[in-house]
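Everything on this sheet refers to the single structure shown next.
The values are calculated or read from the model by the stated rules, or taken from the named source; none is laboratory data. Everything numeric here is computed off the predicted structure, so don't read it as measured data. In this analysis, Cβ positions are derived from the backbone assuming ideal geometry, glycine residues included, and neighbour counts consider all displayed protein chains. Accessible surface is based on the protein model in full, side chains and every heavy atom, while ligands, DNA and RNA are left aside. Shrake-Rupley method; radii C 1.70, N 1.55, O 1.52, S 1.80 Å.
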Amino acid sequence: MLDALKPQPQDKILQLIAMYRDDPRTQKIDLGVGVYKDATGLTPVMRAVKAAEKKLWEDETTKTYTALAGDPAFSAAMVGMILGEGFADRAAAVATPGGTGAIRQALELIKLAAPGATVWISAPTWPNHPSIIKYLGMAMAEYRYFDEATRGVDFAGLMADLAKVKAGDAVLLHGCCHNPTGANLTLDQWAEVVKLLADKGAVPLVDLAYQGFGDGLDEDAAATRLIAGAFPEVLIAASCSKNFGIYRERTGILIALTSPERKAVVQGNLNFLNRQNYSFPPDHGARLVTMILGDAALAADWKAELEEVRQNMLGLRQQLADEFRRATNSDRYDFVATHRGMFSRLGLSEAQVNRLRDEHGIYMVGDSRINIAGLNAKTVPILAAAIAAVGG
Ligand SMILES: Cc1ncc(COP(=O)(O)O)c(C=O)c1O
């Protein structure tokens, strides 16, 4: 039976990691993989996570199963962090293995409820979005998002394409810190998108993987909150991988907003999907998050460290924009300072990306997405000079 399997295409980012690892040069720079790194190149365990783990190790008395939806305290804490007060009676939720698990379960829920629905994704988007949608055999359409000339949002194109959305279609939106471009809508633009999609009768699916990495914890949830207040039904797939730095613990949540009357049925369907796919969701990371959000001192320390992370990336963005001005004698890379989140798409050609790798030991994804956190004060000028050298 297994003879029938064909090789799967290799994940481009994992391929890049392997090439970087095998590169013998000492001056190489990795801007590919999407994890936060501090100035020393480490992806640290956050202080509050360590403290919560220590307390958990001391206090935990059992590792018996939780519930199909995970611990209700985790759901309540996450709904509070993302949406604030006032949504408890509308929010069904399940813990999932990471944000990816939440997206997968959201898509399965859409398929279960409306098998013919089209899922709209931004062009470009995180490659796992179309990959999972195709794997599930769902109909998919793209809406324009990125303006290659300005490296900002192609808002006119986005609105023109979303005008074609049909009632009952699902529209996948990045809640903040768009991956891979780093270009984001303003709140006024979000309001226009919300009005258009609400008039169409679309169902938003918000992917919130970087809350706290852009403009702040509440600021990064502002678009999601706007959406939550404007639609009768909303799906939110949130990840704790980045903002709690617990990538390998696989911690995420799918929140489905519905009417208070439908909530029990929706919750039952979410539980059902967890049961079919992996039964009980992972608990360790979710428990740490619950402990941190439920303890004033731990929460304050976590927020302070998350703010350091955010400021570090903002500082690197500004430094990079300044270095680009010097290296290229132009302001055409100023957009780097206005982008938000961990990534920016620089708008280089594939040939330039390859030259950066071969001639300068600088690794980035083929579409010229860089991980800002892969830089530090010393490597920023090196990157700017190398890009200028390849004609960027
Ligand atoms: C846009 C986006 N969504 C979701 C995820 C899911 O992350 P995870 O499954 O590691 O929590 C990521 C991670 O890279 C992402 O970039």
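Report whether or not ASP322 is in contact with an Asp or Glu (Cβ under 8 Å, 6 or more places away or on another chain), modelled with pLDDT of 95 or more and either within 16 Å of the ligand (Cβ to nearest atom) or not polar (S, T, N, Q) (or both).
Values: in contact with an Asp or Glu (Cβ under 8 Å, 6 or more places away or on another chain): no; modelled with pLDDT of 95 or more: yes; either within 16 Å of the ligand (Cβ to nearest atom) or not polar (S, T, N, Q) (or both): yes.
No, not satisfied.
Got a sec? Which of VAL33, VAL94 is over 20 Å from ASN274 (Cβ atoms) and aliphatic (A, V, I, L, M)?
That would be VAL33, the only listed residue that is over 20 Å from ASN274 (Cβ atoms) and aliphatic (A, V, I, L, M).
Tally time: how many residues in the stretch 205-217 are closer than 18 Å to GLY252 by Cβ and within 15 Å of the ligand (Cβ to nearest atom)?
9
Working only within the stretch 115-141, note down all residues that are within 13 Å of the ligand (Cβ to nearest atom) and in a strand (DSSP E or B).
Matches in the stretch 115-141: ILE121, SER122.
Go through GLY86, GLY41 for me and flag whichever is free of Cβ contacts under 8 Å to residues at least 60 places away in the same chain and not aliphatic (A, V, I, L, M).
Criteria check complete, one pass: GLY86.
When you go through GLU249, GLU307 one by one, which is the residue that is open to solvent by 50 Å² or more (accessible area, probe 1.4 Å), in contact (Cβ under 8 Å) with a residue 24 or more places away in the chain, within 16 Å of the ligand (Cβ to nearest atom) and among the acidic types (Asp, Glu)?
Working: GLU307 fails: within 16 Å of the ligand (Cβ to nearest atom).
One residue alone meets the criteria, GLU249.
Could you grab me the full set of residues in the stretch 331-364 that are open to solvent by 50 Å² or more (accessible area, probe 1.4 Å) and assigned to a helix (DSSP H, G or I)?
Result: THR338, GLU350, ALA351, ASN354, ARG355, ASP358, GLU359, HIS360.
Give the stretch 139-158 a look and list any residue that's open to solvent by 20 Å² or more (accessible area, probe 1.4 Å), closer than 24 Å to ILE255 by Cβ and in contact with a Leu (Cβ under 7 Å, 6 or more places away or on another chain), or say none.
Selection gives nothing.
Of the residues LYS195, LYS242, which single one is open to solvent by 10 Å² or more (accessible area, probe 1.4 Å), more than 22 Å from the chain's Cα centre (by Cα), among the basic types (Lys, Arg) and in the same structural domain as MET159 (by TED's automatic domain parsing)?
Numbers: LYS242 fails: more than 22 Å from the chain's Cα centre (by Cα).
Unique residue meeting the criteria: LYS195.
If you scan the stretch 108-137, which residues turn out to be of a type in the set (A, V, I, L, M), surrounded by 21 or more Cβ atoms within 10 Å (Cβ to Cβ) and free of Cβ contacts under 8 Å to residues at least 60 places away in the same chain?
Matches in the stretch 108-137: ILE121, ILE133.
Can you find, within the stretch 42-68, the residue that is farthest from the chain's Cα centre (by Cα) among those that are surrounded by 10 or more Cβ atoms within 10 Å (Cβ to Cβ) and β-branched (Val, Ile, Thr)?
Going through the qualifying residues, I end up with THR66.
Taking into account only those residues within the stretch 365-389 that are charged (D, E, K, R) and in a loop (DSSP other than H, G, I, E, B), which is most open to solvent (accessible area, probe 1.4 Å)? Give the derivation first.
Initially, the stretch 365-389 is screened for residues charged (D, E, K, R), giving 367, 369, 378.
From the residues that got through so far, the ones that are in a loop (DSSP other than H, G, I, E, B) too are 367, 378.
On the way: ASP367: 51, LYS378: 164 Å².
That would be LYS378.
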